[in-house]
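Remarks on the structure that follows.
Nothing in this text is a laboratory measurement; each read-out follows from the coordinates by a stated rule. Not measured: the values here are computed from a predicted model. In this analysis, Cβ positions are derived from the backbone assuming ideal geometry, glycine residues included, and neighbour counts consider all displayed protein chains.
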Amino acid sequence: MKHIVFITFLLLSVLTNTFAQKHGVQYDTNIINNDLVFKYPDTLNNSYLRQLKNDYDLLKLTENKIEDIDKVLSVLNWTHNQWGHNGSNEPSKNDALTILKEARDGKKFRCVEYGIVSSTALQSLNFKARVLGLKTADVETKKYGAGHVLAEVWMPQFNKWVLIDGQFNLMPILENVPLNAVEFQQAISENKKYKLIDVNGEVSMKRRKSYLSFIFDYLYYIDTQFDNRNVPSNERILYEGKPSLMLVPLGAKNPSIFQIIYPLDNMVYTNSINDFYQKPK
């Protein structure tokens, strides 16, 4: 019996150490690249966003909401309910109006499309929002399921970026303050008393456990595009010829391959939270 207890203790110690090594993610908080520029649409003069807002009557989602968080949760809930998830189906074009039109025709889409629609819908309501790509630590060698897509929105109420997941209709909060992707990763790994909420409040324990078993490994590499406007590719801003910025944990490799065969040649890399989480201008 003593041997069994000792072996069990040893296994738990190994697993704990492995967990700490794998998930002890840290970033640089000092380095700031002042040359990095992010672009967001001019909502008032954007005909595309105006059409989206009018065609789908999006103002009704927020007209009785005072707090930013309630407005965002309402848009998140609306996005989640536009179609069912299909991880292998893509729209004919990657823009919100096309996605929503094809969803009305019965099509179902991936996490990517939830990220696009939730961020664009929020932009139409005068929020700064962006699509966010998450990737696992083993993104280069994992054959399938190495990435997940969601969104972040700048919430003036809290003066910070906030993570929203349209596929799962969830937002993480800690002490009533919504969390961005890095803060969410830290809250999980440090076992903080965070909550997962939707438009109706805190979600059930079953839903919480299911989501955490899915999302945690994706909260390692985080990337977003510099240009978050719906403009032609030849008008999109780049940095050093690249369209996206990836936040890489300190000590981690800058990944150059996605799922063994797909080149990741469109990224600028940074270890700095301040680079990635600039206040939008």
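log10 I(q)/I(0), Debye, Cα-only region 28-131, no solvent, q = 0.16 Å⁻¹? The computed values of log10 I(q)/I(0) come out as -0.73. Using the count of nearby Cβ atoms within 10 Å as a rough guide to exposure, how do E113, E240 rank from fewest to most? Least crowded to most crowded, the residues run E240, E113.
Fewest first, what order do L97, L125 take by the number of other Cβ atoms within 10 Å?
Details: L97 17, L125 20.
Ordered from fewest to most neighbouring Cβ atoms within 10 Å, L97, L125 come out as L97, L125.
Residues whose amide H falls under 5 Å from that of G166, counting only those 5 or more places apart or on a different chain, are A151, with hydrogens built in the peptide plane. 3J(HN,Hα) along region 217-225: 5, 6, 7, 10, 8, 10, 9, 8, 7 Hz, from the Karplus curve 6.51 cos²θ - 1.76 cosθ + 1.60 with θ = phi - 60°, whole Hz, x for Gly and Pro.
Relative to the current alpha-carbon distance between S92 and E175, full extension at 0.36 nm per residue lengthens the span by 25.7 nm. Of the trypsin sites (Lys or Arg not before Pro) in region 86-184, the ones in a loop by DSSP (not H, G, I, E or B) with at most 15 other beta carbons within 10 Å are K93, K108, K143.
Scalar couplings 3J(HN,Hα) for region 121-129, obtained by applying the Karplus form with A = 6.51, B = -1.76, C = 1.60 to θ = phi - 60°, are 4, 5, 4, 5, 9, 6, 9, 7, 9 Hz; x denotes Gly and Pro.
With Cα atoms as the point set, the radius of gyration and Dmax of the chain evaluate to 19.6, 74 Å. Over the chain, DSSP H runs of length four or greater, each weighted -39,500 (n - 2.57), average out per residue to a 222 nm ellipticity of -10000 deg cm²/dmol.
Shown in residue order for region 264-272 are the 3J(HN,Hα) couplings computed by the Karplus curve 6.51 cos²θ - 1.76 cosθ + 1.60 at θ = phi - 60°: 9, 10, 10, 10, 9, 10, 8, 9, 9 Hz (x for Gly and Pro). Distance between the modelled labels on S47 and I261, one decimal in nanometres: 4.2 nm (7 Å Cα→Cβ projection).
Does region 110-195 come out rounded, prolate or oblate by the C-alpha gyration tensor, with a ≥ b ≥ c the root eigenvalues, rounded set by a/c under 1.5 and, if not, prolate when a/b is larger than b/c and oblate if not?
Details: a/c = 2.29, a/b = 1.15, b/c = 2.00.
Cα axes put region 110-195 in the oblate bin.
Between the amide H of Y269 and those of M246, distances stay under 5 Å, these residues lying 5 or more places away or on another chain, with hydrogens modeled in the peptide plane. Between E235 and R207, the contour length at 0.36 nm per residue exceeds the Cα-Cα span by 5.9 nm. Using a Förster distance of 35 Å, how high is the FRET efficiency between N200 and L59, based on the Cβ-Cβ distance and rounded to 0.05? FRET efficiency, N200 to L59: 0.95.
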